Amino acid sequence: MAKKPKTARRVKFHLLVPVISTAHAPSAEDFDELSKLNMVAKYEHGGFVFIGTEKPQSIVWPEWMDPIVEWFQSAYPGENWLRFDSAGDEIDGLYLYDW
């Protein structure tokens, strides 16, 4: 008699991705530089940036990203992704650039 195939378990998955303004990046070119770290999934009005829960030794963020990473890891412990969007929130305490 043939064995009955195992059914897949449903795994509950929750992903929280805060959305902040692209104005927290000095310029579009500076934001594009993050792509060189292979940490960005870009789209027309911004991009998703993989921050991770801890700063790996191998990642050297641009200086302007340091306070953003610090804020993100403090405000959203255990989360990995941050989204930059032209319509995203402006975060008190983080520098805003005019571009």
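The values are calculated or read from the model by the stated rules, or taken from the named source; none is laboratory data. Everything quoted here is computed from the prediction, not taken from an experiment. Note that we place each Cβ from the backbone using ideal geometry, even for glycine, and neighbour counts take in every protein chain shown.
Cβ-Cβ below 7 Å, separation at least six or inter-chain, first residue in region 79-99 and closer than 13 Å to residue 19 by Cα and among the hydroxyl-bearing types (Ser, Thr, Tyr), second at pLDDT 95 or above and crowded, with 17+ Cβ neighbours inside 10 Å: which pairs?
Hits for this filter: 86/22.
So residue 42 ticks every box in (1) exposed (fewer than 15 other Cβ atoms within 10 Å of the Cβ); (2) within 16 Å of residue 25 (Cβ to Cβ); (3) modelled with pLDDT of 95 or more; (4) out of contact with any strand residue (DSSP E or B) (no Cβ under 7 Å at 6 or more places or on another chain) but one. Which box is left unticked?
(3)
With (1) surrounded by 10 or more Cβ atoms within 10 Å (Cβ to Cβ); (2) in contact with an Asp or Glu (Cβ under 6 Å, 6 or more places away or on another chain) as the list, and residue 16 as the residue in question, which single condition is left unmet?
(1)
Counting just the residues of region 45-60 that are farther than 11 Å from residue 83 by Cα and either charged (D, E, K, R) or touching a helix residue (DSSP H, G or I) at 6+ places or on another chain (Cβ under 6 Å) (or both), which one comes out modelled with the highest pLDDT?
Going through the qualifying residues, I end up with 54.
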